[in-house]
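Below: one structure, written as structure tokens.
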Amino acid sequence: MSFQTTPGWLAFHPSPSQPQFRLPPGAVDAHCHVFGPGAQFPFAPERKYTPCDASCEQLFALRDRLGFARNVIVQATCHGSDNRALVDALQRSGGRARGVATVKRGVTDGELEAMHAAGVRGARFNFVRRLVDFTPKDELLEIAQRIAPLGWHVVVYFEAVDLPQLTDFFTALPTTVVVDHMGRPDVASGVDGPEFALFLALLREHPNIWSKVSCPERLSATGPPARDGERSAYRDVLPFARRIVETFPDRVLWGTDWPHPNLKDHMPDDGLLVDFVPHIAATPELQRRLLVDNPMRLYWPEEWPPRGD
Ligand code: 0GY
């Protein structure tokens, strides 16, 4: 099947630069996607956008170029709850990728077990209205109860403005809960503003809730580097990510978000995104927790901590 991309769709960067920041050995890109290829893995009829193809081979080439050891591949909404492209990518990764799927109420135990065997370790609940239709909370809670015995966690994606009405649901979930992209704060409202305070309070009061400190390119108003060759970018997002990393160093994850769906203004250079990391995690210790210890503990617990023999 061939697909026409959404008008204005920006394709991922064709030749990302080599990061200046050297990732610690074993670093995990804990938020990235595969799209199709559509001819092999058709996009879902209920999707809200049609992306360009972005295959697992291209993702693994980026992993190697940037210096990551592993990936966590997150099911994108353009594939709905058809996880075949995700599972195929996990199976082709040689054990170097784990996944977060989208599942619906009708999923069978056998399907969950097959996904687990392929490397799925979480289910994603999406509350961003431009991306998905509404799913009733009782259905999501039921799914969370089904996946909990497998040791999976729940990944949630929402806009900061919706947090007040979602908090009761998040705090009732029986698993670890990972929030995508810092709960998408409006960075113009300030790192000490009431909206971000609510998110910090959620993390402080609920030790099972983690945050990805990813996607400065999505959250920034100041944007990418002003001139060619400058590597410092997305300065307005820095204080938000830094606050979370320094306050909750054992519950943070980072990922590229390749291939960067739905960006309208610019497509980031993934090398520059990696160079953002030492600005939000300033010490080797914080960098190691963010990029290695935390994702390994969550996604490869059988290998973590490593045995010292
Ligand atoms: C992201 C962000 C977006 C899209 C999706 O699954 C998706 O379609 O997550 C977005 O448009 O903000 O994390 O990739």
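When you scan the stretch 226-309 for helices (runs of 4 or more DSSP H) that lie fully inside it, which ones turn up with 3 or more residues that are away from the ligand (no atom under 16 Å from the Cβ) and over 17 Å from HIS31 (Cα atoms)?
Working: elements: 238-247, 270-280, 284-288, 294-299.
By residue number, 238-247, 284-288.
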> If you go through the stretch 47-61, how many residues are within 15 Å of the ligand (Cβ to nearest atom) and either of a type in the set (Val, Ile, Thr) or over 22 Å from LYS264 (Cβ atoms) (or both)?
Replying inline: 2
>> Residues that are within 12 Å of the ligand (Cβ to nearest atom), modelled with pLDDT of 95 or more, closer than 29 Å to LYS137 by Cα and surrounded by 20 or more Cβ atoms within 10 Å (Cβ to Cβ): does the stretch 16-30 have at least one?
In response: yes
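Of the residues PHE21, PHE41, PHE12, PHE3, which single one is more than 22 Å from LEU131 (Cα to Cα) and among the aromatic types (Phe, Trp, Tyr)? Spell out the reasoning first.
On the way: PHE41 fails: more than 22 Å from LEU131 (Cα to Cα); PHE12 fails: more than 22 Å from LEU131 (Cα to Cα); PHE3 fails: more than 22 Å from LEU131 (Cα to Cα).
Only one candidate passes the filter, namely PHE21.
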> So which residues in the stretch 175-194 are of a type outside the set (Val, Ile, Thr) and either touching a strand residue (DSSP E or B) at 6+ places or on another chain (Cβ under 9 Å) or crowded, with 18+ Cβ neighbours inside 10 Å (or both)?
Replying inline: ASP180, HIS181, MET182, GLY183, ARG184, PRO185
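Conditions (1) under 22 Å from ASP162 (Cβ atoms); (2) away from the ligand (no atom under 16 Å from the Cβ); (3) under 18 Å from the mean Cα position of the chain (by Cα); (4) surrounded by fewer than 21 Cβ atoms within 10 Å (Cβ to Cβ), marked per residue:
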| residue | (1), (2), (3), (4) |
| --- | --- |
| GLY99 | no, no, yes, no |
| THR108 | no, yes, no, yes |
| GLU111 | no, yes, no, yes |
| MET115 | no, yes, no, no |
| ALA118 | no, yes, no, yes |
| ALA123 | yes, no, yes, no |
| ASN126 | yes, no, yes, yes |
| PHE134 | yes, no, no, yes |
| ASP138 | yes, yes, no, yes |
>> What are the pairs with Cβ atoms under 8 angstrom where one residue, in the stretch 179-198, is farther than 13 Å from PRO216 by Cβ and the other, located anywhere, is assigned to a loop (DSSP other than H, G, I, E, B) and more than 12 Å from the ligand (Cβ to nearest atom)? Sequence gap at least six, or different chains.
In response: ALA188/ALA221; ALA188/ASP236; GLU195/PRO185; GLU195/ASP186; PHE196/PRO185; PHE196/GLY190
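Condition test on GLU111, is it touching a residue at least 12 places away in the same chain (Cβ under 8 Å) and in a helix (DSSP H, G or I)? Outline the logic, then answer.
Values: touching a residue at least 12 places away in the same chain (Cβ under 8 Å): no; in a helix (DSSP H, G or I): yes.
Considered against the rule, which asks whether it is touching a residue at least 12 places away in the same chain (Cβ under 8 Å) and in a helix (DSSP H, G or I), GLU111 comes out as no.
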> Can you pull out the residues in the stretch 171-223 that are assigned to a loop (DSSP other than H, G, I, E, B), farther than 18 Å from VAL156 by Cβ and either more than 19 Å from the chain's Cα centre (by Cα) or away from the ligand (no atom under 16 Å from the Cβ) (or both)?
Replying inline: GLY190, VAL191, ASP192, GLY193, ALA221, THR222, GLY223
> Which of the residues belonging to the stretch 151-164 are surrounded by fewer than 16 Cβ atoms within 10 Å (Cβ to Cβ) and under 14 Å from ASN126 (Cα atoms)?
Replying inline: ASP162
> Got a number for residues in the stretch 70-97 being within 17 Å of the chain's Cα centre (by Cα), away from the ligand (no atom under 13 Å from the Cβ) and either more than 15 Å from ASP29 (Cβ to Cβ) or not basic (Lys, Arg) (or both)?
Replying inline: 5
>> Checking the conditions here, which among PRO225, PRO305 is free of Cβ contacts under 8 Å to residues at least 40 places away in the same chain and in contact with a Lys or Arg (Cβ under 9 Å, 6 or more places away or on another chain)?
In response: PRO305
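The values are calculated or read from the model by the stated rules, or taken from the named source; none is laboratory data. Note that the coordinates shown come from a computational prediction; the quantities given were computed from them, not determined experimentally. Cβ coordinates were reconstructed from backbone atoms using ideal geometry, including for glycine residues, and neighbour counts include every protein chain displayed.
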